[in-house]
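Just so it is clear, none of the values below were taken in a lab; they were calculated from the coordinates. Values in this document were obtained by computation on a predicted structure and should not be read as measured data. Note that we place each Cβ from the backbone using ideal geometry, even for glycine, and neighbour counts take in every protein chain shown.
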């Protein structure tokens, strides 16, 4: 698995579970590995406390977050990045901070920690990236793709399937998962392509 991180020591907690309606929310995820405390896609939520409350319940404040990753630039995934003023912000082509620093760094292969790696996975937009996380239970891919309980609504990229061969739906109690936040604007593949992808993988429910 060349895209997978070298270590398997990270912990993942879902802060906000995504929903396509009636009230849209983007999945927001906390990833911890050593000194790195990363929040992925702090976007649409019922309130800012819907993100910060679960964070505090885990014993963390917004000022403890060291890194924020956005999977792409749409506002529903970026709306609340300002909640974490001490964090570095990662997108597909740079790293920023709130002092005005901007470093041009391609996301492909970028390592936030030994168990946290970014890879470029264009599709929904040209700026899409995925966060690949090594946990003691297996490799988790935080991506913009979407799976339901029984079948994916988009065919997973080959790279993501190599990293995470048993993705599940985005439930907080599922240890191995690959998910995106809302399916509302995703183009749907042909039924035959979805059935081929489904048959080729072991999907957890």
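For the reader, a short list of remarks on this structure follows.
- Using a Förster distance of 22 Å, the FRET efficiency for residue 17-residue 127 (Cβ separation, nearest 0.05): 0.40
- Packing around the peptides 6-18, 26-38, taken as the average count of other Cβ atoms within 10 Å per residue, puts them in this order, highest first: 26-38, 6-18.
- Sorted peptide list for 94-100, 71-77, 39-45, criterion being average Cβ within 10 angstrom, highest first: 39-45, 71-77, 94-100
- If you sort the three axes of the alpha carbon gyration tensor as a ≥ b ≥ c, you get a/c under 1.5 for the range 1-138, which makes it rounded.
- Where the Cα pairs of the range 12-52 fall when distances are cut into 10 Å bins, in %: 31, 51, 15, 3
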